[in-house]
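Participant: Handing you a structure now.
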Amino acid sequence: MKVCTKTILLLALVSVMAACASLQKFDGAKNRDWSLVEVRTGQQNITIDRSRQAEDRFGEIFTLHFDEERISGVGAPNRYFAPYTLADRQGMSIGVIAGTMMASLFEPENLKEHEYFAWLQNVERWNIAGEKLELHSKKEDGSQAVLIFIPAE
């Protein structure tokens, strides 16, 4: 009986330590500005050429910032914010996005702002790979996407 109890306690401790390590890893993403560079979907990959966007004076689009309780950023062209929560095993959920209501006259790489917002609101988990932040999303229609961000310059 003691061996079983010790095993359960050890497994619980390992699980808690793994969750804490995961959250600490995410802390590196907080209070930084991120720029979207790629969206991978089952149907297509969208690559955003940040240098071309800067030349065209559209460098401040599809950005993301995490603070302790919410995300914020710029779509194309609207500013937005929403609450978010982290969960075990790199889980994440983002609440309803609120923002300004300017008309979008420009869709870089044919990425529509409302699609970007829909993918953000359906994020299920996150990953940090090197210097890149990946947000994995699955919409109600079953379509999946990985939004890939780099630190903003």
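Taken together, the values in this text are just the output of simple stated rules run on the coordinates, not laboratory data. What you see is a predicted model, and the numbers here were worked out from it, not measured in a lab. Please note: Cβ atoms are built from the backbone with ideal geometry, for glycine as well, and neighbour counts cover all protein chains shown.
Participant: What's the local net charge at Gly91, with K and R +1, D and E -1, over the other residues with C-beta under 12 Å away?
Facilitator: Computed value for this residue: 0.
Participant: Along the charge dipole of the range 80-153, pointing to its positive end and built from +1/-1 on Cβ of Lys, Arg, Asp and Glu, which listed residue (Ile150, Ser104, Trp126) has its Cα farthest out?
Facilitator: Trp126
Participant: Taking the Cβ of Glu153 as the centre, find all other residues whose Cβ is under 13 Å away and add up their charges (Lys, Arg: +1; Asp, Glu: -1).
Facilitator: -1
Participant: Where the convex hull is taken over the Cα atoms of the range 72-153, what is its projected area averaged over directions, in nm²?
Facilitator: 6.2 nm²
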